[in-house]
Amino acid sequence: MCIFIKNVVYIYEIIQKRNTLKINKSLFLQPMKRFIATNIGLFVFITIINAQIHQAYLFIIGTYPKSSEWWSIHAENDAMLLYPILVEQGFVVETLENEEATKSNILKQFSNIAKRAKKGDAIYIHFSCHGQQMEDDNGDEPDGWDEALIPYDALMTYEKGEYEGENHLRDDEINHFLIDLRRKLGKEGCVIVTLDACHSGSGTREETIDEMVVRGTAFPFTSSPEKYLADMMTNKEKMCRYVDVPLLADVVLAPLTVVSACKSYQVNREIQTSDGVKCGPLSYALSQVWKTHALIKPKLWSEEVKNMMKKVSKQNPVIESTISDVK
């Protein structure tokens with residue numbers, strides 16, 4: 001019941017924001033009607049037989065504290081694009097946004113996701129935020145660098161004894177969570193992860209290119225910047241990988257598909273829609289493609305997402321999956 005009420009409130013907030021952003025009414029009113037019918041039916045169904053439900057979790061960080069050195073991005077608009085589509089496809093959606101999305105709260109949500117998950121469930125996880133490379137802390141990265149997503153309380157710059165990366169969300173932490181989640185869902189389950197973030201950027205901490213906001217930075221989180229620059233000179237085309245996707249499917253784990261906004265040598269640059277909304281290019285592409293394709297069937301939409309991304313941003317998304325024919 002609590003989640004149902006949160007969905008109603010969130011849709012209401014989206015419609016209110018629509019007036020400010022001058023977004024076409026039909027973008028939200030039709031999904032709102034479908035949302036009410038879908039979620040009331042879902043709530044009754046859950047209450048009666050406690051059925052399994054598709055779950056979606058959005059981690060949206062568009063505004064950071066000034067002291068963090070991170071600039072603002074239009075992540076909230078990503079949520080506004082994705083939310084109605086998810087509801088229409090029968091997902092129950094939960095969101096952590098801005099100051100709610102601290103490192104500790106994200107990890108708590110990961111724990112909640114795993115606890116709620118049931119055999120055969122479909123789980124969708126989305127991040128819209130900054131990204132950054134940082135020094136590997138356990139020797140598991142061949143190149144010596146971890147990828148990290150940037151929660152609300154993570155700082156950009158390493159300061160020995162003050163901030164040493166404890167609030168960065170490392171790829172190792174995401175991978176461990178996903179392995180446990182996939183094991184609990186089993187082979188009949190499904191996990192889709194989309195990341196409208198990348199550690200690409202200008203390398204000068206500038207927040208815009210051609211007047212459009214850039215997500216992520218090429219400036220590393222490190223105590224040894226010279227080492228990073230030397231590594232990058234010999235490894236310029238390393239993919240932006242926040243999640244390690246095995247080449248072969250594991251028969252006891254749920255299938256996993258991960259979509260990242262761009263390769264590491266590309267800039268993840270926001271776009272502006274025909275309605276004047278600034279947003280992440282991957283979020284926009286997904287919101288368009290999923291109007292006609294089921295989210296839980298990546299075989300049907302992976303190529304269309306790539307084509308849409310090239311059309312609206314000229315970026316090359318990285319799509320990796322344990323499902324054959326998804327690439």
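The values are calculated or read from the model by the stated rules, or taken from the named source; none is laboratory data. Just so it is clear, the structure is predicted and the values come from calculations on it, not from any experiment. Neighbour counts are summed over all protein chains in view; Cβ atoms, including those assigned to glycine, are modelled from backbone coordinates with ideal geometry.
Checking Ser274 against (1) touching a Pro at 6+ places or on another chain (Cβ under 9 Å); (2) surrounded by fewer than 18 Cβ atoms within 10 Å (Cβ to Cβ), which single condition isn't satisfied?
The single condition Ser274 does not satisfy is (1).
Regarding region 224-237, can at least one residue be identified that is at pLDDT 90 or above and touching an Asp or Glu at 6+ places or on another chain (Cβ under 7 Å)?
no
Out of region 267-287, which residues are under 20 Å from Ile319 (Cβ atoms) and more than 16 Å from the chain's Cα centre (by Cα)?
Val267, Ile271, listed by residue number.
Filter region 167-201 down to the residues that are more than 21 Å from Asn112 (Cα to Cα) and either aliphatic (A, V, I, L, M) or part of a loop (DSSP other than H, G, I, E, B) (or both) and list them by number.
Of everything in region 167-201, those that are more than 21 Å from Asn112 (Cα to Cα) and either aliphatic (A, V, I, L, M) or part of a loop (DSSP other than H, G, I, E, B) (or both) turn out to be Ala197, Cys198, His199, Ser200, Gly201.
Return yes or no: is Ser104 free of Cβ contacts under 8 Å to residues at least 60 places away in the same chain, out of contact with any helix residue (DSSP H, G or I) (no Cβ under 9 Å at 6 or more places or on another chain) and of a type in the set (Ser, Thr, Tyr)?
yes
Could you say whether any residue in region 90-98 is modelled with pLDDT of 95 or more and assigned to a helix (DSSP H, G or I)?
yes
Select from region 285-316 the residues that are at pLDDT 95 or above and assigned to a loop (DSSP other than H, G, I, E, B) and list them in ascending order.
The answer is Trp290, Lys291, Thr292, His293, Ala294, Leu295, Ile296, Lys297.
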